[in-house]
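Encoded as structure tokens, the structure appears first; notes follow it.
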Amino acid sequence: MGKELLSAAAGETLLLLGNEAIARGALEGGVRFVTCYPGTPSSEVPDTFFRLSQGAPYYFEYSVNEKVALEVGGGAALAGLPTLVTMKHVGVNVAADPLMTLAYVSAPGGLVLLSADDPGCHSSQNEQDNRIYARLGGLPCFEPATAQECKDMARDALLLSRRIENPVLLRTTTRVNHVRGPVVVGEMPTTPAEKPFHKDPARFVPLPASARVMHTRLRALLDGLVAEADASPYNVTSGAGDVGFITSGVSRNYLADVLAEDGLTGTVQVLELGMTYPLPENRIADFLASCKKVLIVEELEPVLETEIRALAQTRGIAVEICGKSAHLPRRGEFSTANVRQAVRAFLGRPAAVVDTLTVPADLPRRPPNLCAGCPHRAAYYAVREVYGDTAVYSSDIGCYTLGFLPPFRAADFLLCMGSSISTGAGFARASGKPVVAFIGDSTFFHSGITGLIDAVAYNHDILIVILDNRTTAMTGHQPNPGVDTTIFGENPNPVDLMALIRACGVEPVKVNPLNHKATLAALTALSQQHGPRVLVAEYPCPIHARRVGQAKKTLPARVAGDPAACLAVRDNLACPAFAMVDGAFTINAEQCDGCMFCVQLSPDIKPGKKEAK
């Protein structure tokens with residue numbers, strides 16, 4: 001989706017990804033400042049703002065990490081600009097420190113934090129439920145279920161935040177971020193009225209005496225918003241009867257499908273919640289009072305269930321409330337299948353016959369794998385040659401995490417972004433074993449620097465391999481502070497990674513990992529040293545290089561020579577360009593990137609020109 005997100009007139013219908021709809025909604029809400037750290041499933045939101053940023057009416061940046069993104073965005077909101085900050089759910093953990101205080105300090109210009117949660121762990125190390133952050137931090141919370149609601153709620157969340165001068169949480173999930181649907185767009189605003197900053201330390205500086213007052217103000221604000229939640233057009237009741245369902249977020253879609261397919265639409269009551277915090281207490285109480293029993297349908301934690309049970313007890317409403325304890329799982333994504341089973345069990349109906357998808361036995365398997373020509377493959381190969389199974393490998397978050405797979409088996413533990421150095425240092429100190437920590441360039445800038453400083457300060461015996469592929473590859477090739485080229489051309493202000501490492505107290509060694517001989521020699525020398533050591537394995541991601549026009553015109557390889565030797569290389573590299581055709585080893589010329597790394601490992605694999613078709 002291109003400039004039409006900026007130019008589409010009110011009333012036009014666009015086919016938008018949920019994340020694109022969020023961008024349009026923020027624009028309709030008058031956003032003037034956007035910061036982020038990219039992370040699936042949120043990445044398309046900042047990527048959209050990045051593509052449109054040339055000449056757009058807002059400032060945009062890929063911040064160094066989520067904490068910095070929220071702090072920069074918080075500063076813009078304090079200065080009076082409507083602000084959007086985006087990240088995935090685990091990124092909110094990184095940003096939690098400023099987030100908890102920002103709600104006290106307030107956000108006069110308006111600030112919306114997009115938390116894109118990932119039930120089912122499609123691309124994440126956990127499936128935490130960030131609705132709890134809304135309660136913990138005191139943030140009004142919106143939960144869209146459709147592309148249209150993504151647009152509308154992003155707009156209204158920003159307008160609400162600007163009106164109440166408090167941060168607001170927009171909580172999505174993977175299926176909502178990546179849904180695609182028709183979106184009727186609204187008016188694009190004129191420049192919002194300025195809110196100039198007036199110095200008021202008692203309001204904006206949370207010293208203990210001030211913070212106590214700020215907390216009182218925040219609680220009063222949230223109490224006042226209960227009536228607004230009760231009246232919200234995003235909280236809707238439908239149907240009839242004395243059996244009810246309360247649901248929020250993407251679960252609304254699953255429930256609606258099940259009720260429609262089972263012929264139950266209209267025969268039961270449904271309360272759909274789009275503005276879920278503060279809880280619309282009066283509306284929920286009225287709904288409970290009209291039912292004999294209610295099933296609460298929500299993914300992950302029983303957040304609504306717990307609060308609604310408490311509300312029923314406080315109001316003295318005699319109603320049977322069911323949810324996680326009886327019918328629905330507390331982990332993983334919902335589907336129409338498990339929601340149908342829960343609905344039928346709740347209604348006392350026979351269980352549904354579950355349709356199972358039969359996968360043909362001969363269907364080719366496609367396990368996750370590093371791309372053909374990926375420089376990380378070469379780095380892992382060399383490290384394994386030097387260290388083998390004697391070292392313990394500390395891994396990090398990025399596409400290089402795929403190094404945990406055979407044949408490399410180069411990931412023994414992983415915690416979170418930037419943890420490989422710190423965790424690896426602790427393991428080395430506690431165990432006395434050799435430790436190699438792998439971290440990407442973007443992840444190093446994100447939160448690896450402090451781990452390196454700690455390793456230097458306490459002389460931890462660890463080898464740190466920074467896999468520098470000149471981009472943030474895993475989340476979509478976004479820029480990071482060290483890149484030299486983006487889709488818009490050269491980066492005028494790249495951070496010098498080597499100088500930064502030196503400033504932390506280590507003299508780094510840099511190699512091209514595709515030069516196997518030089519990499520092996522560097523690793524061998526480093527393996528004989530002690531203390532914190534850093535190897536920077538720098539070579540651009542081939543996909544990113546093609547995108548920015550920097551791909552080297554290397555001729556792809558084809559096979560000649562001893563098939564047995566070629567098979568040995570195949571088993572040690574697992575390159576997806578390798579193939580067996582009619583029992584013979586070959587290289588798929590369409591997949592081969594021409595990196596020539598395999599040629600260096602076996603004299604029996606010869607480089608050659610791509611054969612003409």
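Might you let me know whether region 87-103 holds any residue that is touching a strand residue (DSSP E or B) at 6+ places or on another chain (Cβ under 9 Å), hydrophobic (A, V, I, L, M, F, W, C), within 21 Å of Pro481 (Cα to Cα) and assigned to a strand (DSSP E or B)?
yes
Looking across region 484-496, the residues that are among the hydrophobic types (A, V, I, L, M, F, W, C) and either within 20 Å of Glu44 (Cα to Cα) or under 19 Å from the mean Cα position of the chain (by Cα) (or both) come down to Ile487, Phe488.
Given the structure, is Val236 closer than 19 Å to Ile308 by Cα, in contact with a Gly (Cβ under 6 Å, 6 or more places away or on another chain) and of a type in the set (A, V, I, L, M, F, W, C)? When the stated conditions are applied, Val236 does not pass them. Restricted to helices (runs of 4 or more DSSP H) entirely inside region 166-272, no element has at least 3 residues that are among the β-branched types (Val, Ile, Thr) and exposed (fewer than 12 other Cβ atoms within 10 Å of the Cβ). Any residue at all in region 307-330 that is under 25 Å from the mean Cα position of the chain (by Cα) and not small (Gly, Ala, Ser)? The answer is yes, given that some residue of region 307-330 is under 25 Å from the mean Cα position of the chain (by Cα) and not small (Gly, Ala, Ser).
Within region 303-315, the presence of at least one residue that is over 17 Å from Phe346 (Cβ atoms) and touching a residue at least 60 places away in the same chain (Cβ under 8 Å) is confirmed.
Condition check for Ala522 on (1) of a type in the set (Gly, Ala, Ser); (2) touching a helix residue (DSSP H, G or I) at 6+ places or on another chain (Cβ under 6 Å); (3) at pLDDT 80 or above: one failure, at (2).
Would you check which residues across region 21-42 are charged (D, E, K, R) and surrounded by 24 or more Cβ atoms within 10 Å (Cβ to Cβ) and list them?
Selection gives Arg24 alone.
Here is a check on your reading of the model: is Ala318 at pLDDT 90 or above, part of a helix (DSSP H, G or I) and of a type in the set (Gly, Ala, Ser)? No, not satisfied.
The values are calculated or read from the model by the stated rules, or taken from the named source; none is laboratory data. This one's a predicted model, so the numbers in the text were calculated from it and none came from an experiment. Cβ coordinates were reconstructed from backbone atoms using ideal geometry, including for glycine residues, and neighbour counts include every protein chain displayed.
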